[in-house]
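A quick write-up on the structure given underneath.
The values are calculated or read from the model by the stated rules, or taken from the named source; none is laboratory data. Keep in mind that this is a model prediction, so the values were computed, not measured. Every residue, glycine among them, receives a Cβ derived from its backbone with ideal geometry; neighbour counts consider all protein chains shown.
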Amino acid sequence: MRVLLCAVVTACVCLGGCQSEPRYSQAQLNALETREIDAPLAETFTAASNALFDAGYTIAMSDRAGGLLTGTKRHDRKRDEMFVKKSNRWVDYTLSVQVRRLEPKVSAVRVKTAINGEPRVDLAAIDEFWILMQRQVLMHEPLPKPQIAE
């Protein structure tokens, strides 16, 4: 009886504690990572750059002509130090963005994420980027105040 109980507890700990990264099909990845933006290429690139800044990333590489942006962000896990190996104290997040022209006023944006240099699908970072990107694209200069006829 005791052996059976130990086996059940061990199985629960192993299966419950080990969470693997979800696997996505290519179609699912495209849906998560790619969007069409109703804006010209230059405006979309600027919006993507501003969205990276707003999300707290530092622009590590910017190639406007090629439509490529890379932002990096470092998280210090000092508070978790008692639970984390000292070699894993820092977590580096990378967000890479590709902007390309589809039509004169329509662009495609694709975003990829990496954690500590390894490509990983970081849904939270991708969602945050899309929200900030949408805000940037929707922001325009305010309309001039209407002139009141006297």
Exercise. Can you tell which of Gln98, Gln28 is modelled with pLDDT of 95 or more and surrounded by 10 or more Cβ atoms within 10 Å (Cβ to Cβ)?
Worked result: Gln98
Problem set entry | Residue check for Glu81: at pLDDT below 65 and surrounded by 12 or more Cβ atoms within 10 Å (Cβ to Cβ) | yes
Exercise. Out of Arg2, Arg89, Arg35, which single residue is under 23 Å from the mean Cα position of the chain (by Cα) and either modelled with pLDDT under 85 or more than 22 Å from Pro119 (Cβ to Cβ) (or both)?
Worked result: Arg89
Problem set entry | Subset of segment 60-73 [loosely packed, with under 13 Cβ neighbours inside 10 Å and in a strand (DSSP E or B)] | Met61, Asp63
Problem set entry | Subset tally (residues that are on the phi > 0 side of the Ramachandran plot and over 24 Å from the mean Cα position of the chain (by Cα)) for segment 100-150 | 0
